[in-house]
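Following: one structure in structure tokens, then a few remarks.
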Amino acid sequence: MKNALFVIHNSPDTRASEFATLAALASAVASAGYTSDLLVLNTTGSASVTIKHGNVFRAVSAIAPESPVGDGAEFLVHAVGKAVADASMSLVVGLGTIANRNWAPQVAASLSAEYLTACEAIEAADGGLRVTAPVMGAMVQKSVSLGDRKAVLLYSGEALAPSSGTDVDAQVSSTAVEQGRARFIASEALPDTGGIPLRGASRVVSGGLGVGSADKWQVIEQFAAKVGAAVGASRAAVEMGWVPSSRQVGFSGQKVSPDVYVAVGISGAVHHLAGIGGAKKIIAINKDPEAGIFKVADIGIVGDYEQILSAAMRKL
Ligand SMILES: Cc1cc2nc3c(=O)[nH]c(=O)nc-3n(C[C@H](O)[C@H](O)[C@H](O)COP(=O)(O)OP(=O)(O)OC[C@H]3O[C@@H](n4cnc5c(N)ncnc54)[C@H](O)[C@@H]3O)c2cc1C
């Protein structure tokens, strides 16, 4: 029997669907012959954490550092490393969040383990565990059968839920921060804007660089609110600081599979398309009739997005 350690940050922004997704992945790795433990880094200050479908895990431990540790990366390198050594873990799994991308490569290096980020599928196959992730700028889809190899995996696929399972309350234990190991790492990530979560949304309205400015981003927010959609963004819009990185769709962001995906002022770069392959219907609004996004769109509207969205808002 091989052992897997699942790791999650529990902050005020953590959603039940994130716990459920890890529990569903734990069920998948169980089919491949792994036991799964869950390690929760709790930064809410609460004495206990409710873990959705938590009984899927063999053991759940929730820890909080005795003193502040920034985004927790250094602390987690230490805490995950200790848990891996204590229970001879050969697999570490987390969600593909920015916080996890800070510690996971360090843990993989210290374990001499395979490191796969942006995994889209982690499933039992070939008598073991098979992982699928885009590589080479999403030009290539890589499928790896892990066999007996150690691996650190970050999952960026769709929200999942196990078919059964009950919630578990875990007590948070205060854990000493080793002197000289933990240090504050400033994080520039903007807090999520709230609203409908991107993961699992049935409708998504995403804006790109064509939106034009931070002030105009509210046009995207208002239209999304009007049609009951989650707000998404291209990486270019995230890099401009118009929208938090938690809303990025694509190769290095989240994969979405909504019924309807509306791309506003997005050119359709391969890295963006890597995140919307599961969308059932794509509507693209772009002023450039040659924009690549029209090649994958079911409905394409050529024109200035402000005029098009304000006309649509008047009709709705
Ligand atoms: C390793 C790697 C990972 C990446 N990961 C991601 C990722 O996860 N997600 C992602 O999105 N990108 C990612 N990128 C970046 C990606 O390659 C593109 O650079 C990015 O998607 C472009 O964003 P955009 O479409 O918003 O901007 P642009 O390509 O600049 O397109 C803007 C579009 O807006 C249109 N436009 C302008 N004004 C208007 C208007 N008034 N009305 C209507 N349309 C208008 C233009 O015609 C244009 O088509 C990654 C790149 C690399 C190298």
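The values are calculated or read from the model by the stated rules, or taken from the named source; none is laboratory data. Treat the numbers as computed from the prediction; the structure is a model and nothing was measured. Positions of Cβ are generated from backbone atoms using ideal geometry, with glycine treated the same way; all protein chains shown enter the neighbour counts. Surface accessibility is based on the protein's heavy atoms, side chains included, excluding ligands, DNA and RNA. Shrake-Rupley method; radii C 1.70, N 1.55, O 1.52, S 1.80 Å.
Please tell me if ALA124 is of a type in the set (A, V, I, L, M), in a strand (DSSP E or B), surrounded by fewer than 22 Cβ atoms within 10 Å (Cβ to Cβ) and within 23 Å of the chain's Cα centre (by Cα).
Yes: the conditions hold for ALA124.
Please find, within region 1-36, the residue that is farthest from the chain's Cα centre (by Cα) out of those that are closer than 21 Å to CYS119 by Cβ and assigned to a loop (DSSP other than H, G, I, E, B).
Among them, the one singled out is GLY33.
Quick one: GLY300 ticks every box in (1) surrounded by fewer than 17 Cβ atoms within 10 Å (Cβ to Cβ); (2) small (Gly, Ala, Ser); (3) more than 9 Å from the ligand (Cβ to nearest atom) except a single one, so which number is it?
Tallying (1) surrounded by fewer than 17 Cβ atoms within 10 Å (Cβ to Cβ); (2) small (Gly, Ala, Ser); (3) more than 9 Å from the ligand (Cβ to nearest atom), GLY300 fails exactly one: (1).
Give just the number: which of (1) within 9 Å of the ligand (Cβ to nearest atom); (2) closer than 12 Å to GLY207 by Cβ does ALA291 not satisfy?
Result: ALA291 fails condition (2) only.
Can you name the condition, by its number, that VAL93 falls short on among (1) surrounded by fewer than 20 Cβ atoms within 10 Å (Cβ to Cβ); (2) assigned to a strand (DSSP E or B); (3) in contact (Cβ under 8 Å) with a residue 40 or more places away in the chain?
So VAL93 meets the others, but not (1).
Could you list, in sequence order, all residues of region 131-158 that are under 25 Å from ALA20 (Cα atoms) and surrounded by 20 or more Cβ atoms within 10 Å (Cβ to Cβ)?
Those that are under 25 Å from ALA20 (Cα atoms) and surrounded by 20 or more Cβ atoms within 10 Å (Cβ to Cβ): VAL131, ALA133, PRO134, LEU146, ALA151, VAL152, LEU153, LEU154, TYR155, SER156, GLY157.
Residues to consider are VAL69, VAL93, VAL84, VAL77; find the one that is β-branched (Val, Ile, Thr) and at pLDDT 95 or above.
Only one candidate qualifies: VAL93.
Could you give me the residue pairs with C-beta distances under 9 Å whose first residue belongs to region 32-47 and is within 21 Å of MET89 (Cα to Cα) and without any contact (Cβ under 8 Å) to a residue 60 or more places away in the chain, whose second residue is hydrophobic (A, V, I, L, M, F, W, C) and open to solvent by 50 Å² or more (accessible area, probe 1.4 Å) wherever it lies, and which are 6+ apart or on separate chains?
THR35/MET1; SER36/ALA30
Condition first: under 22 Å from the mean Cα position of the chain (by Cα) and either of a type in the set (S, T, N, Q) or surrounded by fewer than 16 Cβ atoms within 10 Å (Cβ to Cβ) (or both). Now tell me which residues in region 37-69 satisfy that.
ASN42, THR43, THR44, THR50, SER61
Could you grab me the full set of residues in region 226-280 that are more than 7 Å from the ligand (Cβ to nearest atom), open to solvent by 10 Å² or more (accessible area, probe 1.4 Å) and hydroxyl-bearing (Ser, Thr, Tyr)?
Passing the criteria: SER245, SER246, SER257.
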